[in-house]
Amino acid sequence: MLPDPLGLIRDAADGAERLGRVLIGQPRIRLAVTGLTRAGKTVFLTSLLANLLAAGRGHRTLPALESAAGGRLRAVRPVPAGIEGLPRFDVSAHLAALAADPPAWPARTEDLSTLALTLELDRAGMLGGLLGRRLLTLELLDYPGEWLLDLPMLGQGYAAWSAAALARLRRGAAAEAVGAFLAFAGALPQEAPAEDSLIRRGHGLYRAALLACRDQLGYRFLQPGRVLNPGPRGETPVFWFFPLPHPVRGDLAALMARRHAAYVEAQRVEFFEPFFRRFDRQAVLVDVLGALHAGPAAFADTAEAIAAIAGALRYGGGWLDRLTGAGVARVAFVATKADHVPARQRDALAALLGHLVAAPQERVGTAGVATSVHTLASIRCTEDAVATLEGRPVAAVRGVLPGGRVAKVYPGEIPLRPPEPGFWEHGFFEMPEFQPPRLDPAGAAGVPHLGLDALLAALIGDVL
Amino acid sequence: MSATPPEGGPRGPRVILEEPAPSTPRLDFGWEQAVVPVAAARPPGRWSGLGRVVAGAALLGLGLAALDAANFVADQFTRGPLQGWATLGVVVGGFGLLAAGAWTELRGLASIRAVDHARAAFARGELEAARAEALRWAGGIAEAAPLQPALREAGSVAELRALLEAGPLRALEARSAALGRAAAVQSFAVTAISPSPGLDVLVFTWRGVRLVRQVAALHGLRPGFAGTWALLRRTLADAAMVAATDVAVDAAARALLSNRLLEQFAGDAAAGAVAARRMLRLAKVAAEACRIVPPD
Ligand SMILES: Nc1nc2c(ncn2[C@@H]2O[C@H](COP(=O)(O)OP(=O)(O)OP(=O)(O)O)[C@@H](O)[C@H]2O)c(=O)[nH]1
Ligand SMILES: [Mg+2]
């Protein structure tokens, strides 16, 4: 495929700006946080911002990052609002809700929001004092996880998408809503008319099927993302398309194809071009435990979704990228909610994540990007405990459940690699939602976490 | 919520509810105490390659010159006491001037570092450190000296800040702006009549450096050469941060340039208008770089 010339010019201008910023000691780093829905993006950003702001006030809440910065971090401030047309990520509202009594986790994200931080650092070296401080700007974005799955749609025509989407949907046929849509689609004649009420019914069934896949079966590879999470404007007719078994002939297929193309184009222009065309670092958040406990199909589906997203992102490494200075420097794969397992099982969690993301990690690695695998609890909600099961002591975690009941949770044995089907014979399991610990509503001293500092050191330690 | 344990063997995950406690506790990791501010250890200063080259050259030059001079003085004493004493006087005077110059430079740099320390103390909300810095600073500035008792009594960093901002800092800002206006008018005039753009750049640079030094002196800093360089760097870095269209600067520029006489020029002296505007902005940014209280 020929690279588009406008994009190239933009890349070159971007590269020049970046070089200029590095020369005057004010680099700008865009950290792309990707994660499927419920992976923990919003909580991660809240904890990251709260802890970085606290570190800027001198609190030792991120020791590994401090030592990566050689103790030269002097101040951290949010970049003052300019003329952005997007909402700002509201850290203090999220923190206040988490600290309130009873506490509330952030709701599902429904719109884009951004925030940038300026990290003020002393320069290293004896002559550093002459040059003044370095100012590192860190750009962050929060968005609904469902939208990320539109990324693999960018390179696909309607017919190809239709076939792939139907094939994936058939794996969830056990669910009633999915069966209903499949029956509807199967009954459509080859050259179905583009009749409005028919389309609305099809769309309604399709959306119900996707919702069932997401909420009952724990699947993540569901397209188009805006049907699940339409965003602040609500639904518009461009969302009213669904996969067809005969996607080529007939008025209905033609209309579906037009809507599909318009939808993909809109997502490209509004979401991907501005935010994911270029980024410097990436944190891929994965709810490994959630996928594991949802069963073999959901586990495989999550792996497939992550691989498809990585396959659609640009990591640089080509000669054109080198010429324009595009490309990603570091990618970290992160198993979130690591406080759901006791400390001694976290290595197993990391190993399992390593297997889950083997394909994307290899693709990113061949582009010359440094990768690493981490476990992280953005907000630590449990402490390690010992439970007795069938007369045997087992390592468990202890936390507070939503009603205020204290409970120990034994998360099962975490396998080191994707397990055999026999692993799931006890049935599936849903991890209860723990209450966050006692927090300062203003977050002045940061937020308890596990491994956030090591993750940040791996992601941005080299530019500090 | 499927908080119920599934059936199955001992390997399956499960939830074990504890007896309900009288109060509903939340876990407390004592994060507040665990992260009490600890003075960040400054890393041992690393010598960069360039730093070592400069230091080596300086050591060679100065050390050899000193040894040479000592030998020469000894030689002169063998010739006669008068020659000896005269030479010694010359050598001591020369090295003394060098040392005094270096001392001034270091002081200038240190005064700029002190601004950084004060800002850091304010940014981190460390009351005692901020108070000490503010008092030290106020001691050296006529506008701020009367404020010292109030600063000593201030009960919070916000209060300290408000005291400084309402009084001396506002006055200093106004005086910096006045300096900026003078520089703007001068550079406008020079650019309007000067024959070559190259000359414009020279004049602008010279006037800009002078303006930054004037503003620094106003804020109690006496930057030497190295200090001026550091300050300029910082000012330029800040200038890059300031929004390209600055309402205050625009208004000031319009007020300055709407003078009858200047309007005569303004048609063919757009470059002059740009230079004037830049001077105004430079004054503003330089004043911000010298403030002991961080912005916003
Ligand atoms: N115990 C624990 N739970 C977490 C942690 N991070 C996230 N969670 C849980 O995971 C849920 C989802 O987290 P979010 O950050 O809202 O997920 P998201 O990726 O923003 O999801 P979307 O907005 O739907 O894309 C939260 O409501 C929490 O219950 C963590 O560090 N520890
Ligand atoms: Mg979210």
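When restricted to residues that are within 8 Å of chain B (Cβ to nearest Cβ) and open to solvent by 30 Å² or more (accessible area, probe 1.4 Å), the range A:381-397 contains 3.
Taking the range A:362-380 as the search range and keeping residues that are within 14 Å of chain B (Cβ to nearest Cβ) and within 16 Å of ligand 2 (Cβ to nearest atom), which one is nearest to A:L349 (Cα to Cα)? Selected residue: A:S378.
Taken together, A:D142, A:D150 contain a single residue that is more than 10 Å from ligand 1 (Cβ to nearest atom), at pLDDT 90 or above, crowded, with 21+ Cβ neighbours inside 10 Å and charged (D, E, K, R), which is A:D150.
Does A:D280 count as over 14 Å from A:W147 (Cα atoms), in contact (Cβ under 8 Å) with a residue 40 or more places away in the chain and touching a Gly at 6+ places or on another chain (Cβ under 7 Å)? No, not satisfied.
For every residue, the table says whether it meets (1) in the same structural domain as B:L218 (by TED's automatic domain parsing); (2) open to solvent by less than 30 Å² (accessible area, probe 1.4 Å); (3) part of a helix (DSSP H, G or I); (4) more than 24 Å from B:V274 (Cβ to Cβ).
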residue: B:L151; (1), (2), (3), (4): no, yes, yes, yes
residue: B:R161; (1), (2), (3), (4): no, no, yes, yes
residue: B:E173; (1), (2), (3), (4): yes, no, yes, no
residue: B:G180; (1), (2), (3), (4): yes, yes, yes, no
residue: B:S187; (1), (2), (3), (4): yes, yes, yes, no
residue: B:A192; (1), (2), (3), (4): yes, yes, yes, no
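Within the range A:423-464, the set of residues being surrounded by 18 or more Cβ atoms within 10 Å (Cβ to Cβ) and of a type in the set (F, W, Y) comprises A:W424, A:F429, A:F434. Here B:A34 fulfils each of the conditions (1) away from chain A (no Cβ under 14 Å); (2) modelled with pLDDT under 65 apart from (1).
Residue count for the range A:350-380 under the criterion of being without any contact (Cβ under 8 Å) to a residue 60 or more places away in the chain and basic (K, R): the result is 1.
On the basis of being modelled with pLDDT of 85 or more and over 16 Å from B:V293 (Cα atoms), does B:A183 make the cut? Before the answer, list the steps.
Working: modelled with pLDDT of 85 or more: yes; over 16 Å from B:V293 (Cα atoms): yes.
It is true that B:A183 is modelled with pLDDT of 85 or more and over 16 Å from B:V293 (Cα atoms).
Scoring A:L376 on the criteria (1) under 26 Å from the mean Cα position of the chain (by Cα); (2) within 28 Å of A:D301 (Cα to Cα); (3) not assigned by TED's automatic domain parsing to the domain that holds A:D101 leaves a single failure, condition (3). Note on the range A:35-57: residues that are more than 9 Å from chain B (Cβ to nearest Cβ) and open to solvent by 30 Å² or more (accessible area, probe 1.4 Å) total 2.
Across the range A:300-315, not a single residue is classified as buried (at least 20 other Cβ atoms within 10 Å of the Cβ), assigned to a strand (DSSP E or B) and among the β-branched types (V, I, T). Do we have any residue at all in the range B:103-123 that's over 19 Å from B:R222 (Cβ atoms), open to solvent by 40 Å² or more (accessible area, probe 1.4 Å) and not β-branched (V, I, T)? Within the range B:103-123, one or more residues are over 19 Å from B:R222 (Cβ atoms), open to solvent by 40 Å² or more (accessible area, probe 1.4 Å) and not β-branched (V, I, T).
Could we say that A:R60 is within 9 Å of chain B (Cβ to nearest Cβ), outside any loop (DSSP other than H, G, I, E, B) and open to solvent by 20 Å² or more (accessible area, probe 1.4 Å) here? So A:R60 does not fit the description; no.
From the list A:R249, A:R233, A:R314, pick out the single residue that is among the basic types (K, R), at pLDDT below 90 and not assigned by TED's automatic domain parsing to the domain that holds A:A167.
Step by step, each of A:R249, A:R233, A:R314 is checked, and only A:R314 is among the basic types (K, R), at pLDDT below 90 and not assigned by TED's automatic domain parsing to the domain that holds A:A167.
The set of residues in the range A:153-182 that are more than 15 Å from A:A308 (Cα to Cα) and not in a helix (DSSP H, G or I) comprises A:G157, A:R171, A:G172, A:A173, A:A174, A:A175. Only residues that are open to solvent by 30 Å² or more (accessible area, probe 1.4 Å) and in contact with a Phe, Trp or Tyr (Cβ under 9 Å, 6 or more places away or on another chain) were counted across the range A:95-108, and they come to 1. Look at (1) more than 16 Å from ligand 1 (Cβ to nearest atom); (2) more than 13 Å from chain B (Cβ to nearest Cβ); (3) more than 30 Å from B:A230 (Cα to Cα) and you find that A:I83 fails only one, number (2). Out of all the residues in the range A:444-460, is one or more touching a Phe, Trp or Tyr at 6+ places or on another chain (Cβ under 9 Å) and among the acidic types (D, E)? Checked against the condition, which is being touching a Phe, Trp or Tyr at 6+ places or on another chain (Cβ under 9 Å) and among the acidic types (D, E), the range A:444-460 yields no hits at all. Against the numbered list (1) away from ligand 2 (no atom under 16 Å from the Cβ); (2) part of a helix (DSSP H, G or I); (3) touching a Gly at 6+ places or on another chain (Cβ under 9 Å), A:P274 comes up short only at (3).
The values are calculated or read from the model by the stated rules, or taken from the named source; none is laboratory data. These figures come from a predicted structure and were not determined experimentally. Every residue, glycine among them, receives a Cβ derived from its backbone with ideal geometry; neighbour counts consider all protein chains shown. Please note that ligands, DNA and RNA were not included when accessible areas were found on the heavy atoms of the full protein model with its side chains. Shrake-Rupley method; radii C 1.70, N 1.55, O 1.52, S 1.80 Å.
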